[in-house]
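> Attaching a single structure in structure tokens format; questions to follow.
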Amino acid sequence: MCGIAGIFDTRGERGETLAATAAMMTRTLAHRGPDGEDVWMNAEAGIALGHRRLAIIDLSPTGRQPMASANGRFVITYNGEVYNAAELALELGQKGVTFSGHSDTEVIVEACATWGVERCLERLNGMFAFAVWDQQKRTLTLARDRAGIKPLYWARFGTVFVFGSELKAIRMHPRFAGDLDRDAIAGFMRHGYIAAPRSIYRDVYKLEPGHSLTIDANGSVTDRCYWDIYKIATRPARTPGPRIIDELETLLADAVRRCMISDVPLGAFLSGGIDSSVVAALMQANSPRPIRTFTIGFASAQFNEADHAKDVATHLGTDHTELYVSDRDLLNIVPKLSYYFDEPFADPSQIPTYLLSGLTRQHVTVALSGDGGDELFAGYARYFQASRLWTRFRLVPSWARAPLGSLLDYAFVAAQDLRPARSLLGLQSPSAADRWQKLSDFLRGGDALALYRELLSHWPRPDALVINGSEPANPHWKNAVTRQMPDVLNQFRLIDFLTYLPDHVLTKVDRATMSAGLEARVPLLDHRVIEFAWSLPPALHVRNGQGKALLRDILARYVPRALFERPKWGFVPPLAEWLRGPLKKWADDLLDEQMLRRQHVLEAAPVRARWRNHLEQAPGRYDWCSPIWNVLTFQAWLANRTDVRRESYVQRPQEMAL
């Protein structure tokens with residue numbers, strides 16, 4: 001696991017400027033790779049590739065990057081782990097390729113030299129983001145893994161192309177302008193994350209999962225999808241045989257075993273939930289000694305799952321470590337997160353994930369995680385909530401939904417100035433008004449995806465909140481999903497796999513773990529497991545109104561059901577209470593009305609109204625912490641958006657005060 005950055009100036013920038021700029025970009029990623037730094041350059045071609053190394057496989061100098069192929073044609077800078085490197089190396093060896101070390105980096109670059117970049121990509125099993133330069137064709141190819149586990153940003157400034165593992169690397173380039181993408185901000189206000197291919201900055205993009213991007217010497221750009229989840233998810237379902245659970249267990253066990261290959265100590269995150277427990281159980285089954293497991297506990301019993309994790313660890317016989325944190329420990333992290341996340345990010349579980357990563361890194365360098373199980377095996381309760389709602393609303397004829405939604409919207413607007421009308425329509429409280437708007441928007445959308453979109457919306461109409469912002473379309477609006485996939489559970493799973501998983505869940509885990517120089521591996525997102533999960537009929541994932549039926553059956557072979565059959569809690573701190581208590585002054589300052597008006601990004605009136613609504617609600621009642629937290633994380637990011645070329649930006653985050 002590492003940090004990568006680079007520049008391709010198609011004019012052929014000369015001299016030390018190219019290398020110096022690439023070095024500055026790379027240095028901002030030191031937390032991702034504390035074990036070494038190097039820059040490779042071909043000034044005549046205008047190409048410079050930078051790398052920060054976190055040594056995991058082949059700790060010797062033969063694993064250093066950027067790395068050239070034996071024939072000198074290809075040069076790579078790479079972030080990730082490829083789990084079938086040994087098999088590929090054996091196959092390449094049969095073709096006469098010799099290796100100087102045993103790193104997966106060398107396997108990838110020699111595979112590019114032997115098979116070409118496109119065929120190499122299709123053969124890789126793992127998580128990766130890399131840039132490979134072809135000296136002969138004078139082309140730069142950027143590539144990202146199928147599920148989007150590892151990040152990769154890119155931008156074009158005239159004839160100059162830049163890329164990096166994080167935005168802070170791109171911000172270092174002298175041509176970076178830093179103009180905000182207000183459309184992306186509108187999307188963020190709805191969902192709490194910025195969906196690919198956009199970033200918070202205009203004209204700076206995320207490479208989408210399963211894609212490669214090739215830039216030639218003339219500046220032409222070719223975007224290729226080498227792995228299409230749409231095609232996989234819409235294939236006819238297989239007929240499951242009687243040994244379907246055995247088949248899945250064998251596949252998962254192999255994925256976990258591959259993720260345990262390491263030249264440094266490794267362990268696992270263990271929350272006590274189904275996904276992390278399955279991973280830990282299969283790890284322990286593959287290990288002759290107790291594996292290391294790590295969990296975080298909260299002082300508040302209402303949010304604490306540490307006891308459940310400890311029970312699972314005790315049953316499995318792992319070497320278990322707990323970190324209990326107080327509210328003050330969690331609160332101290334809040335102002336530091338924008339340094340590592342680079343973009344506004346509104347999931348408060350990033351706070352305990354950050355702390356857990358720091359704890360784990362004190363003992364191991366690699367940690368396996370259970371992420372991806374909810375999206376693949378239908379684990380989210382919201383899938384079933386949305387399905388129940390859709391069963392009711394689909395009774396409204398499709399031709400009547402849009403007119404009815406428009407009528408409700410008209411009634412809502414008209415009622416704002418008439419107290420009796422607000423009472424008649426049940427709009428006295430802000431929460432009722434919010435639900436009314438979501439209902440209106442869903443009906444105008446008219447299908448199950450529209451309902452799911454509104455169910456997940458923090459701000460249901462973000463265009464009215466972001467000044468000069470227009471929410472961009474993303475897979476939540478893709479009618480093709482509805483047409484090609486009649487089962488609504490599959491629709492919800494696919495939308496989450498395309499958006500929520502890479503841009504929310506995996507972004508959180510990547511930034512939190514890499515802030516501590518910890519590599520996180522996600523065996524449930526082995527592409528073979530992904531394709532297997534999507535090959536099954538959706539009903540096979542559900543039993544008694546709950547998802548993850550197959551994972552539950554597998555886990556029951558290792559752990560008594562009484563230890564894991566319980567409601568899903570999640571990894572979330574008590575945010576609503578914090579905003580009324582210890583974070584109130586911090587929030588008040590960021591939501592100052594005059595400051596909002598001066599910034600001219602968000603409309604001050606709706607923000608202030610939601611903040612007042614939240615403060616006035618009694619604890620435990622409907623509150624506004626989700627939409628308010630979206631605004632607060634954006635405001636905190638905006639306040640800390642200092643130019644990275646200034647020393648004040650690159651100060652160590654622990655020096656920042658609450």
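The values are calculated or read from the model by the stated rules, or taken from the named source; none is laboratory data. Since the structure is predicted, the reported quantities are computational estimates derived from the model, not experimental observations. When we count neighbours, we look across all protein chains shown, and the Cβ atoms used for this are built from the backbone with ideal geometry, even at glycine. Ligands, DNA and RNA are excluded from the accessible area calculation, which covers all protein heavy atoms including side chains. Shrake-Rupley method; radii C 1.70, N 1.55, O 1.52, S 1.80 Å.
> I need the full set of residues from segment 57-85 which are part of a helix (DSSP H, G or I) and either among the charged types (D, E, K, R) or touching a residue at least 12 places away in the same chain (Cβ under 8 Å) (or both), in order please.
Selection gives Thr62, Gly63, Ala85.
> Hey, among Ser262, Ser220, which residue is free of Cβ contacts under 8 Å to residues at least 40 places away in the same chain, more than 22 Å from the chain's Cα centre (by Cα) and farther than 23 Å from Gln546 by Cα?
That would be Ser220, the only listed residue that is free of Cβ contacts under 8 Å to residues at least 40 places away in the same chain, more than 22 Å from the chain's Cα centre (by Cα) and farther than 23 Å from Gln546 by Cα.
> Scan segment 1-39 for residues that are buried (at least 23 other Cβ atoms within 10 Å of the Cβ), assigned to a loop (DSSP other than H, G, I, E, B) and either of a type outside the set (Lys, Arg) or at positive phi (or both) and jot them down.
Correct list: Met1, Thr28, Leu29, Gly33.
> Now for a separate question. One residue is enough: does segment 543-560 have a residue meeting the conditions without any contact (Cβ under 8 Å) to a residue 40 or more places away in the chain and within 23 Å of Lys231 (Cβ to Cβ)?
No, the conditions are met nowhere in segment 543-560.
> Take the residues in segment 255-282 that are of a type in the set (Ser, Thr, Tyr) and either touching a Cys at 6+ places or on another chain (Cβ under 6 Å) or part of a loop (DSSP other than H, G, I, E, B) (or both); name whichever of them is surrounded by the most Cβ atoms within 10 Å (Cβ to Cβ).
This residue is Ser271.
> Follow-up. For segment 406-425, indicate whether the set of residues that are at pLDDT 70 or above, on the phi < 0 side of the Ramachandran plot and open to solvent by less than 10 Å² (accessible area, probe 1.4 Å) is non-empty.
Looking for residues that are at pLDDT 70 or above, on the phi < 0 side of the Ramachandran plot and open to solvent by less than 10 Å² (accessible area, probe 1.4 Å), one finds none in segment 406-425, hence no.
> When both residues are 6+ apart or on different chains and their Cβ atoms are under 6 Å apart, which pairs have a first residue that lies in segment 382-399 and is under 11 Å from Leu451 (Cα atoms), and a second that is at pLDDT 85 or above and β-branched (Val, Ile, Thr)?
If the second residue must be at pLDDT 85 or above and β-branched (Val, Ile, Thr), the pairs left are Ser387/Val488; Trp390/Val488.
> Okay, next question. Consider His320 against the criteria (1) open to solvent by 20 Å² or more (accessible area, probe 1.4 Å); (2) under 21 Å from Met283 (Cα atoms); (3) in a helix (DSSP H, G or I); (4) not acidic (Asp, Glu): it satisfies all of them except one. Which criterion is unmet?
Failing condition for His320: (3).
> Follow-up. Kindly indicate the residue of segment 470-493 that is in contact with a Lys or Arg (Cβ under 9 Å, 6 or more places away or on another chain) and open to solvent by less than 10 Å² (accessible area, probe 1.4 Å) and also farthest from Pro606 (Cα to Cα) among those meeting that condition.
Looking at the filtered set, the residue picked out is Phe492.
> Please determine, by comparing only the residues of segment 323-363 that are part of a loop (DSSP other than H, G, I, E, B), under 25 Å from the mean Cα position of the chain (by Cα) and more than 22 Å from Trp624 (Cβ to Cβ), which one is modelled with the lowest pLDDT.
Asp342
> Scan (1) among the small types (Gly, Ala, Ser); (2) modelled with pLDDT under 90; (3) within 20 Å of Val607 (Cβ to Cβ); (4) buried (at least 22 other Cβ atoms within 10 Å of the Cβ) for the single condition Ala448 breaks and write down its number.
(3)
> Looking only at segment 167-188, count every residue that is open to solvent by less than 40 Å² (accessible area, probe 1.4 Å) and either in a helix (DSSP H, G or I) or among the aromatic types (Phe, Trp, Tyr) (or both) and tell me the total.
Within segment 167-188, residues that are open to solvent by less than 40 Å² (accessible area, probe 1.4 Å) and either in a helix (DSSP H, G or I) or among the aromatic types (Phe, Trp, Tyr) (or both) number 11.
Rundown of residues vs (1) open to solvent by 30 Å² or more (accessible area, probe 1.4 Å); (2) over 30 Å from Asp342 (Cβ atoms), yes/no style:
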residue: Gly210; (1), (2): no, no
residue: Asn218; (1), (2): yes, yes
residue: Asp223; (1), (2): yes, no
residue: Trp227; (1), (2): no, no
residue: Thr234; (1), (2): yes, yes
residue: Thr250; (1), (2): yes, yes
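> What are the residues in segment 575-587 that are open to solvent by less than 10 Å² (accessible area, probe 1.4 Å) and assigned to a loop (DSSP other than H, G, I, E, B), if any?
Answer for segment 575-587, where residues must be open to solvent by less than 10 Å² (accessible area, probe 1.4 Å) and assigned to a loop (DSSP other than H, G, I, E, B): just Leu583.
A quick yes/no check of all residues on (1) open to solvent by 10 Å² or more (accessible area, probe 1.4 Å); (2) of a type in the set (A, V, I, L, M); (3) under 28 Å from the mean Cα position of the chain (by Cα):
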| position | (1), (2), (3) |
| --- | --- |
| Met41 | yes, yes, no |
| Glu44 | yes, no, no |
| Ile47 | no, yes, no |
| Gly50 | no, no, yes |
| Leu54 | no, yes, yes |
| Arg64 | yes, no, yes |
| Ala68 | yes, yes, no |
| Ile76 | no, yes, yes |
| Gly80 | no, no, yes |
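> Now for a different question. Go through (1) in contact with a Leu (Cβ under 7 Å, 6 or more places away or on another chain); (2) closer than 30 Å to Ala169 by Cβ; (3) assigned to a strand (DSSP E or B); (4) not aromatic (Phe, Trp, Tyr) for Thr295 and report which single condition fails.
All conditions pass for Thr295, except number (2).
> Show the residue pairs that are 6+ apart or on different chains and have beta-carbon atoms under 6 Å apart, the first residue being within segment 455-470 and farther than 14 Å from Asn630 by Cα, the second being of a type in the set (Asp, Glu).
Asp463/Glu471; Gly469/Asp183; Ser470/Asp183; Ser470/Asp463
> Of all residues in segment 588-647 being among the acidic types (Asp, Glu), outside any loop (DSSP other than H, G, I, E, B) and at pLDDT 90 or above, which is least open to solvent (accessible area, probe 1.4 Å)?
Checking each candidate, the answer is Asp588.
> Somewhere in segment 97-112, is a residue within 23 Å of Cys2 (Cβ to Cβ), without any contact (Cβ under 8 Å) to a residue 12 or more places away in the chain and of a type outside the set (Lys, Arg)?
yes
> Next question, about the same structure. Could you tell me whether any residue of segment 496-516 is assigned to a helix (DSSP H, G or I) and free of Cβ contacts under 8 Å to residues at least 24 places away in the same chain?
No - not one qualifying residue is present in segment 496-516.
> Right, here's the next one. Does segment 11-43 hold any residues that are of a type in the set (Val, Ile, Thr) and within 17 Å of Leu518 (Cα to Cα), and which are they?
If the condition is that a residue be of a type in the set (Val, Ile, Thr) and within 17 Å of Leu518 (Cα to Cα), then Thr28 is the only one that fits.
> Ok, one more. Considering only segment 156-164, I want to know if a residue exists there that is of a type in the set (Ser, Thr, Tyr), surrounded by fewer than 24 Cβ atoms within 10 Å (Cβ to Cβ) and under 17 Å from Thr21 (Cα atoms).
Yes, there is a match, as at least one residue in segment 156-164 is of a type in the set (Ser, Thr, Tyr), surrounded by fewer than 24 Cβ atoms within 10 Å (Cβ to Cβ) and under 17 Å from Thr21 (Cα atoms).
> In segment 207-239, what residues are more than 25 Å from Gly12 (Cβ to Cβ) and in contact with a Cys (Cβ under 9 Å, 6 or more places away or on another chain)?
Glu208, Gly210, His211
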